[in-house]
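Reading through the structure tokens given below for one structure.
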Amino acid sequence: MGFLTQFSAHAQFGNMLKKAKKNIAKKAENKISAKNSTSDSNSQTNSEEKTSYTDEEFKQELAKKYPNDKEKQEYYFKKYKEYQQKQTAEKEALLAKENSKGTVVSEIPSPVESSEDDKFKDNQIYVLNRTKFKKIPAYDGGFSDKMKLSGYYHLSQYFVRNPANHFDSDPGDIYEGFSLEYNPESYEVNAYFSADKKRYGVVPEQYRKSANKGNIQFQFGMGDGPEWTNANVLLLEPGVLLIGAEVYHKNDEEGHKWMNNAQPQQFVIAAKNPDLIKKYYKNPEVTSKATFAKFDDLRKDWLGAKLNSVTMPVKGSFDKNSAIKTAAVSGLNTYYGKMNMKNLYQYMTSNKWSTVKHKVTGVPLYQWSVGAVIQENKSGKCMLNQFIVRRDYTGGGNYGNPYFNGINRGSIRAPYGDYVKCDARPNN
């Protein structure tokens with residue numbers, strides 16, 4: 001078939017499709033609209049069919065145009081049916097979207113505050129601030145684990161996934177719960193909002209010792225589903241989660257505080273039993289007390305693990321020098337006594353004196369050595385610091401008696417300056 005002949009054949013087929021399209025559109029409208037009566041629909045269809053094709057009429061037209069080419073007739077009829085099905089589906093989808101105007105709401109209701117009648121119905125469209133949202137049916141994956149963290153959780157507030165942008169014609173999604181899957185061995189968490197939409201989370205390494213005891217805090221990362229990323233989640237009690245647990249330790253006197261002065265009612269409560277949500281939801285005192293207690297335990301476990309990891313400096317030969325040791329003990333006792341702290345344990349780490357000389361004359365000025373001290377703070381917690389013992393040059397190659405010269409806070413490195421166990425001791 002030459003180019004012009006082929007072009008002419010496709011043009012003729014295109015004109016036939018345009019004529020058929022009118023009939024397809026009209027049939028779709030009649031199928032979806034419940035407002036039209038049966039008699040009106042039939043009269044409109046019959047009227048339209050006078051200027052459009054039925055399947056048999058289309059076949060007759062093809063036979064007229066290609067009387068000696070049965071293969072071409074079948075090919076174009078097949079293409080016609082495919083086109084017809086596509087047009088019908090597109091038209092039905094468009095009309096369905098236009099007819100789903102949704103219910104305009106001033107705010108998305110909370111699952112806790114709403115009655116069953118007020119809750120979103122599955123697949124129903126709602127409009128919030130001119131944006132359409134569709135409620136996604138809840139998904140329960142039936143997950144379980146030995147720590148009993150896994151399972152289906154109801155929410156105090158709906159989670160949403162907004163449309164990609166303001167001009168997106170597809171509605172956003174609303175979720176009223178999720179199914180949690182926890183692996184205690186890997187400390188990994190998956191929150192399923194549907195069978196194929198989930199977010200990944202993990203227990204931070206410093207909290208894994210606590211997680212093994214049932215005090216679980218985890219953080220969610222990226223994934224598919226609602227806009228819920230990098231949220232800290234804390235297990236308040238078995239089967240109850242606080243989502244958005246942004247807490248920090250201010251100091252030993254005041255303890256834990258909410259980050260940026262946030263209030264618990266701004267966060268989301270999730271629970272396997274929806275009745276337990278009400279125990280914490282909009283009860284900031286109860287939520288704060290439970291949260292801070294959990295974080296205190298988390299911090300104790302974390303500090304305990306950190307304290308056990310401190311390697312104490314080894315003793316030096318100067319620790320056997322009675323004059324140096326006496327000066328150190330006396331000076332440290334006086335120093336910490338003035339601050340209501342204790343010199344709990346001390347020892348020398350130096351093996352020789354370090355000499356400081358005048359930069360111009362080179363004459364010796366003094367010598368110094370160092371040691372390690374475990375100080376007990378007012379809170380009862382202990383820290384490891386470095387102290388200095390010094391002796392001054394008296395001339396003729398001689399030095400005076402050694403004396404305590406303060407805590408070294410200048411160029412020291414870890415483990416000095418860290419918290420340690422109060423009964424920590426060097427290995428030698």
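Mind ranking W302, W258 by accessible surface for me, highest first, 1.4 Å probe?
The residues order as W302, W258, largest area first.
Assuming 0.36 nm per residue, please report the length gained on full extension of the stretch K65 to V286 beyond their Cα-Cα distance.
71.3 nm
Enumerate lysine pairs in the stretch 290-368 that are 8 or more residues apart or on different chains, then count those whose Cα atoms are under 20 Å apart.
6
Compute the Kirkwood hydrodynamic radius of the stretch 253-301, taking the inverse of the mean of 1/r over all pairs of distinct Cα atoms, and give it in Å to one decimal.
11.8 Å
What is the local net charge at S379, summed over the other residues whose Cβ is closer than 10 Å to its Cβ (Lys, Arg +1; Asp, Glu -1)?
-1
Sequence-distant or interchain residues sharing an amide H contact under 5 Å with N405, placed H: which?
Here the answer is I388, V389, R390, since their amide H atoms fall under 5 Å of that of N405.
Quick one: ranking V112, V389, V286 by accessible area, 1.4 Å probe, largest first, what do you get?
The most accessible residue leads, giving V286, V112, V389.
Name the shape class, rounded, prolate or oblate, that the alpha-carbon gyration tensor gives for the stretch 126-261, where a ≥ b ≥ c are the square roots of its eigenvalues, rounded holds for a/c under 1.5, and otherwise prolate holds if a/b is larger than b/c and oblate otherwise.
Judged from the Cα gyration tensor, the stretch 126-261 comes out oblate (a/c at least 1.5, b/c at or above a/b).
Where the accessible area of the stretch 248-376 is counted over protein heavy atoms with a 1.4 Å probe, how much of it, in %, is carbon and sulfur?
51 percent
Could you rank M259, M312 by how accessible they are, 1.4 Å probe, largest area first?
Most to least solvent-accessible, the answer reads M259, M312.
The values are calculated or read from the model by the stated rules, or taken from the named source; none is laboratory data. For clarity, every value in this text was computed on a predicted model and none was experimentally measured. Reconstructed Cβ throughout: ideal geometry from the backbone, glycine too, with neighbour counts over all protein chains shown. What goes into the accessible areas is simple: the full protein's heavy atoms, side chains included, and nothing from ligands, DNA or RNA. Shrake-Rupley method; radii C 1.70, N 1.55, O 1.52, S 1.80 Å.
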